[in-house]
Amino acid sequence: MTISTDLLRLKLAESLAATPPALTRRDVGLPGIRGKAMAVIGVRRGGKTSFLRQCLSDRLAAGRAPESQLLISLEDERLAGMTVGELAWLIDEHARQFPGLREAGAMTLCLDEVQTVQGWEGLARRLVDAGGMELFVSGSSARLLSREVATSLRGRAMEVLVLPFSFREALRHAKAEPAKGWDRLRPTERAALDHRLRRYLAEGGFPEAQGAAERDRAALLTGYVDVMVLRDVIERHTVSNPLALRWLERQLLANPGAAFSVKKHYDTLRAQGLPVGKDTLHDYLAHLEDAFLVRTVAMHSASERQRLVNPRKAYPVDPGLITLFERSGREHQGRALETVVLLELERRGYEISYLRTGADWEVDFLAHRSGDPPLLVQVCLETTAEETWARELRALKTAAAAQRKARAFLVTLDARPPAKALPRGLYWAPAARWLLEEM
């Protein structure tokens, strides 16, 4: 063994002795299918480890013994180069010290940032097949699910996505979560939530960024992005053209919700003297998605070819990242709100696309979730400008006529009700309410 057994025993003792800190509770559900590993994935610093601790705390509160709840953080510099055999030895050492837990079905094991151990998939598969243990694995790369878990565990794992704080979770973190439903709130309480939403659009939901001064928050989030790109993209995928990658990253994060095509970026880079292949740019985009730095939305179409050839839209994983890359001086509240709505739909378990009507009008999101009617969601800042009102409603009304089973919502940052009545079958919701309540 390259790592001494004494160090492995020390790591085990430290893991068992760790006192769970007081944490803001996350609204992340676990699949109810028994006998599966839980693959907890999401962006770095988004709260995956805290969520694992929340799961362990819930089991302790339900009466489980402390020694049966084990979280092993594998991003420990002392464990650099750890082999899967050494990790298996550590887990077996726990079983030797506390026999009978697996037989009783009382054991919960969390392997945090498990992708740092090469070959971990075989060990996870063996643990799942042996039974008697609730297994969580976490990692900062979507490859943990799409390639490694889905391929290597072959149906033995379920995905659990952890994003930065939602609006409700950010309110909870600030001890400002409303205790009543929207309809029971006083006007002053609604106004306070509207003010907090505007702040959330600027600050975003990364837990460590909550309440930070603007300069400190910018430095913190810039550091996050640098580490994501370096560790989860450049090092992980051995990127050979980091200048082109960085340029693509900045373009995507500075223009959330804008249509983009790899060909356009390819032409621009070539014009700037940065030679890069189209296939390479496709790979870089996939790597940025794998690292959860960006989320992309394809155009809705029954034709897979149409989905592939039409431009996609890209959004940052958190609205707080927009100001880091926006240098044009343009107002970005609307794009931040659109980003927040997309992420909320994703948290609620929807498959998301954008919709273009036959008249070439566009609706921001068409969302599908098993067992529920589809949602059409059009996002805008306000409804007082006549031109804006007409444009947004025209697209939404046309899309609703084509998607007859869908519920169509106009979501606005402006909390004042529209001066004009909406056409039959269309619904308006202030963004604060829509984000806090499923309507």
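Scanning region 85-118 for residues that are within 28 Å of the chain's Cα centre (by Cα) and surrounded by fewer than 16 Cβ atoms within 10 Å (Cβ to Cβ) yields one hit, Gln118. Report, by residue number, each residue of region 1-40 that is within 15 Å of Glu75 (Cβ to Cβ) and not charged (D, E, K, R). Of everything in region 1-40, those that are within 15 Å of Glu75 (Cβ to Cβ) and not charged (D, E, K, R) turn out to be Ile3, Ser15, Ala18, Val40. Of the residues that make up region 356-377, is at least one under 15 Å from Ala431 (Cα atoms), β-branched (Val, Ile, Thr) and at pLDDT 95 or above? Checked region 356-377: at least one residue is under 15 Å from Ala431 (Cα atoms), β-branched (Val, Ile, Thr) and at pLDDT 95 or above. With respect to the conditions (1) of a type in the set (A, V, I, L, M); (2) more than 22 Å from Val297 (Cα to Cα); (3) not in a loop (DSSP other than H, G, I, E, B), Ala421 lacks only one, and its number is (3).
For region 55-97, filtering for residues that are among the aliphatic types (A, V, I, L, M) and under 21 Å from Pro31 (Cα atoms) leaves 6. Do we have any residue at all in region 407-415 that's surrounded by 14 or more Cβ atoms within 10 Å (Cβ to Cβ), among the aliphatic types (A, V, I, L, M) and over 23 Å from Ala191 (Cβ atoms)? Looking through region 407-415, at least one residue is surrounded by 14 or more Cβ atoms within 10 Å (Cβ to Cβ), among the aliphatic types (A, V, I, L, M) and over 23 Å from Ala191 (Cβ atoms). The set of residues in region 241-268 being farther than 25 Å from Leu355 by Cα, in contact with a helix residue (DSSP H, G or I) (Cβ under 6 Å, 6 or more places away or on another chain) and modelled with pLDDT under 90 consists of Tyr266 alone. Among all residues of region 361-379, there is at least one that is within 20 Å of Arg307 (Cα to Cα) and among the acidic types (Asp, Glu). Considering only residues in region 151-181 that are under 22 Å from Ser73 (Cα atoms) and in a helix (DSSP H, G or I), the one that is modelled with the highest pLDDT turns out to be Leu153.
Among residues of region 71-84 being touching a Phe, Trp or Tyr at 6+ places or on another chain (Cβ under 9 Å) and buried (at least 17 other Cβ atoms within 10 Å of the Cβ), the one that is nearest to Leu109 (Cα to Cα) is Leu71.
Pairs linking a residue in region 75-93 that is farther than 18 Å from Ala13 by Cβ to a residue that is part of a loop (DSSP other than H, G, I, E, B) and acidic (Asp, Glu), with Cβ atoms under 7 Å and 6 or more positions apart or on different chains, are Glu75/Glu113. Inside region 203-220, residues that are in a helix (DSSP H, G or I) and either outside the structural domain of Glu289 (by TED's automatic domain parsing) or touching an Asp or Glu at 6+ places or on another chain (Cβ under 8 Å) (or both) make up a count of 3.
For (1) in a loop (DSSP other than H, G, I, E, B); (2) in contact with a Lys or Arg (Cβ under 9 Å, 6 or more places away or on another chain), each residue gets a yes or a no:
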{"position": "Gly257", "(1), (2)": "yes, yes"}
{"position": "Asp279", "(1), (2)": "no, no"}
{"position": "Gln306", "(1), (2)": "no, no"}
{"position": "Tyr354", "(1), (2)": "no, yes"}
{"position": "Val363", "(1), (2)": "no, yes"}
{"position": "Ser370", "(1), (2)": "yes, no"}
{"position": "Pro373", "(1), (2)": "yes, yes"}
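Only residues that are touching a strand residue (DSSP E or B) at 6+ places or on another chain (Cβ under 8 Å) and surrounded by 19 or more Cβ atoms within 10 Å (Cβ to Cβ) were counted across region 416-439, and they come to 3. Does Asp216 satisfy the condition of being loosely packed, with under 13 Cβ neighbours inside 10 Å, farther than 24 Å from Asp318 by Cβ, without any contact (Cβ under 8 Å) to a residue 40 or more places away in the chain and not β-branched (Val, Ile, Thr)? Taking the combined requirement at face value, the residue does not satisfy it.
The residues on offer are Ala13, Ala65, Ala61, Ala37, and the sole one that is buried (at least 19 other Cβ atoms within 10 Å of the Cβ) and assigned by TED's automatic domain parsing to the domain that holds Glu134 is Ala37. Across region 97-111, the number of residues qualifying as without any contact (Cβ under 8 Å) to a residue 12 or more places away in the chain and touching a strand residue (DSSP E or B) at 6+ places or on another chain (Cβ under 7 Å) comes to 0.
The values are calculated or read from the model by the stated rules, or taken from the named source; none is laboratory data. This one's a predicted model, so the numbers in the text were calculated from it and none came from an experiment. Don't worry about glycine lacking a Cβ; one is built from the backbone with ideal geometry, like all the others, and counts go over all protein chains shown.
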